[in-house]
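What follows is one structure encoded as structure tokens, with my remarks underneath.
What follows is calculated from the coordinates using simple rules that are stated; it is not laboratory data. Since the structure is predicted, the reported quantities are computational estimates derived from the model, not experimental observations. Please note: Cβ atoms are built from the backbone with ideal geometry, for glycine as well, and neighbour counts cover all protein chains shown.
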Amino acid sequence: MKKYLRITPEGTKDFLFAECAAMDDVCGRIEKVFADRGFKRVITPGIEFYDVFSLPCSGISQEDMFKMTDNKGRLMVARPDSTLPIARMVSSRLKNNVMPVRLYYKQAVYRNNPTLTGRRNEMMQMGVELIGTEGVRADLEVLTTAIQTLQSVATDFRIELGHAEVFDALSDELDISEDYKEKIRLSIEGKNYSALNNLLDKLSPCRAVSAIRSLPSLFGGEEVFEKAQAICADTKAAQALDYLHHIYSNLLSLGLGDKLIIDLGLVQRNDYYTGIVFTGYINGIGDAVLSGGRYDELLSEFDAPMGAAGFAIDTDAVTLKVLADQTVSYSDKPDVLVYAADGCEMKAIALVQQLCGEGKKTQFCVLPTIEETRRFAELRGIAEVKIVE
Amino acid sequence: MQPLRIALTKGRLEKTTIELLEKIGYNCDEVKNKGRRLILPVGNNDFEVVLAKAADVITYVEHGVCDLGVVGKDTILEHGSSFYELLDLGFGKCRFALATKKDTDFYSGYNTKTIATKYPNVTRAFFDDKNMDVRIIKIEGSVELAPLVGLSDGIVDIVETGSTLKANGLEVIEWVTDISARLIANTASLKLRKREIEELQKKLEAVTK
């Protein structure tokens, strides 16, 4: 039988030296933002019951999850997302806590992606959840934290903002099945104008139909609101638009200019979003790096109804970008190598500690002879070899 | 900033796309005299064209190494996952069809039907919608052969004129979906380079209508 003992599974990789340094740098910067804003870290288990993620609103299909069973035969999965476990945790462990709570996480998620697509099956993510309240203040807190997070790791980025209610309110006005609604939602998500038109042409024309038709093209700056208000006047979507406009006007004071985009065609795959939704992009990364929004209904699924909002950032993608840009300096080379003659080992180790204390990168040489020590120093390019005898 | 990069499907779609680009005023001489080069400048370095096989166009766009792509709907249906489909370019038109040997009643009986196809995902989705279990066999070459030699009950394949089917005693019993060339965009590119992409999209839209 063929043994796979020297390779890693597809979609996973080892992180070595500079890669870890870049990851630590990226995560450290983000962690500082989260901590400064008062978010406290939590860790949830790497494996969870399948049931946590099988909610219809989870947006994670079963073929995307790595599954296993426990010793009672119950179905388990390698955590494919962190928001659902946190909702589970808050609904039980923090049920009687003073609300709202601010949580952040830094942990990998696992997805069983199709093979040979080059996608990562293990992804490090960081994110925050602000749970136990709703409204403008909470939304602004989460959004400005997201923007600050992007700013901490990139200069050329975009953040786009939408509202889940816009599409929901408009599609509720149509007499269509959930399946059909989902097809329409997917075509808006993919900005697939021809598929969207085909779907809408089959419905009897009304205001909601023409409003939905224009959703994917409603993205840009302030001017979007004017166009959208004209289309959505007197519908429930109009309230959502007013709210979004209010949030947008507040964010303008950050002076982000073109970096802040409104996209009314932003309908997230995760059905649990109920209010604002947003996505972040960084120049040089071909996929969204940050995504989040308000999910006020999710906690009810765990019998603890309360408002909540949050976002996650794909720190692996940012790390790869930082490595490619070579903006983090990294060296694993010590300045000094200390060799101990037989019997002088402890004296040499003490010297290493002393030199390190003085700020010199110093290593105790573990090779047995002075010749080998000099050869090693030469191969690694270590400038100085000290001998203790 | 690096010019926009567009992946084109080699062959027939490439030719028509180049004609379109010329129509909207871009100089495509470099692409027409490409020799063996695979990355070519267009116009006054307004953008770069990359030539690739259909399925690879999607891969390059999805990973963001190309901002835009021109690819057939058939490939999108078979391989597609996450990107924006911006425009139906209206050329490269044909259809996916379910075909069987002439004068057979495909849907009769309770036995599980066997379908030969080059497009297993399209076939799977088509019969899933009908809640029908079928056995799908992937064929790499001339699919028409499969029902003739008794490998399958029918085929799902691209039909343009239908003459190959006719010559082999097969007939279309159901149309699956229409196909034409599409303009696709990487999701991040559309946000990060919105103005450039929208400008090109509008120009293309004007000449394809």
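For the reader, a short list of remarks on this structure follows.
- By the count of neighbouring beta-carbon atoms within 10 Å, fewest first, B:Asp56, B:Asp67 end up ordered B:Asp56, B:Asp67.
- Descending by average beta-carbon neighbour count within 10 Å, the peptides A:373-381, B:173-181 line up as B:173-181, A:373-381, the highest first.
- ³J(HN,Hα) computed for each position of segment A:278-289 - Karplus, 6.51 cos²θ - 1.76 cosθ + 1.60, integer Hz, glycine/proline x: 8, 9, x, 10, 10, 4, x, 10, x, 8, 4, 9
- Each of A:Lys13, B:Lys113 was scored by other Cβ atoms within 10 Å of its Cβ. Arranged with the fewest first, they read A:Lys13, B:Lys113.
- The relative contact order of segment B:1-119 comes to 28 percent, based on Cα pairs under 8 Å that sit 6 or more residues apart.
- Relative to the dominant Cα principal axis of chain A, helix A:136-153 is inclined by about 40°.
- Against chain B, whose longest principal axis is taken from its Cα atoms, helix B:120-129 shows a tilt of about 60°.
- If you model segment B:110-209 as an ellipsoid using its alpha carbon gyration tensor, with each semi-axis the square root of five times an eigenvalue, the axes come out at 37, 17, 11 Å, biggest first.
- Simple rule: put +1 on each Lys or Arg Cβ and -1 on each Asp or Glu Cβ in chain A, find the dipole, and look at A:Leu218, A:Thr144, A:His163; the Cα lying farthest toward the positive end is A:Thr144.
- Alpha-carbon spread of the protein assembly as shown, three principal axes, descending order, Å: 97, 64, 58
- Mean separation of Cα pairs under 8 Å and 6 or more residues apart, divided by the residue count, gives chain A a relative contact order of 18 percent.
- Put in order of Cβ neighbour count within 10 Å, fewest first, the listed residues A:Leu320, B:Leu38, B:Leu200 become B:Leu38, A:Leu320, B:Leu200.
- Mean separation of Cα contacts under 8 Å, 6 or more apart, over the residue count of segment A:229-331: relative contact order %: 16
- Computed FRET value (nearest 0.05) for A:Asn250 with A:Thr133, which takes r as the C-beta separation and R₀ as 30 Å: 0.95
- Rounded to whole Hz, the Karplus (6.51, -1.76, 1.60) HN-Hα couplings of segment A:353-368, x for glycine and proline: 4, 5, 5, 4, x, 7, x, 8, 6, 10, 10, 7, 7, 9, 7, x
- Less than 5 angstrom separates the built amide H of B:Val71 from those of B:Arg182, B:Ile184, all sequence-distant by 5 or more or on a different chain.
- Look at where the Cα atoms of segment A:69-95 and of segment A:109-185 average out, and the two centres are 21 Å apart.
- Computed from Cα atoms alone, the Kirkwood hydrodynamic radius reported for segment A:336-388 is 10.9 Å.
- When +1 charges are put on Lys and Arg Cβ atoms and -1 charges on Asp and Glu Cβ atoms, the dipole computed for segment A:336-388 relative to its Cα centre reaches about 160 debye.
- Segment B:101-136-segment A:367-389 distance, computed between alpha-carbon centres (Å): 72
- Around the amide H of B:Val159, modelled in the peptide plane, lie the amide H atoms of B:Arg95, B:Phe96, B:Ala97, all under 5 Å away and 5 or more residues distant in sequence or on another chain.
- ³J(HN,Hα), Karplus 6.51/-1.76/1.60, whole Hz, each residue of segment A:290-307, x for Gly, Pro: 9, 8, x, x, 9, 9, 6, 8, 4, 5, 5, 4, 9, 6, 9, x, 6, x
- With eigenvalues of the C-alpha gyration tensor scaled by 5 and rooted, segment A:136-193, Å: 32, 16, 7
- With the simple spin-label model, which puts each label point 7 Å out from Cα in the Cβ direction, the A:Lys333 to A:Arg380 separation comes to 1.2 nm.
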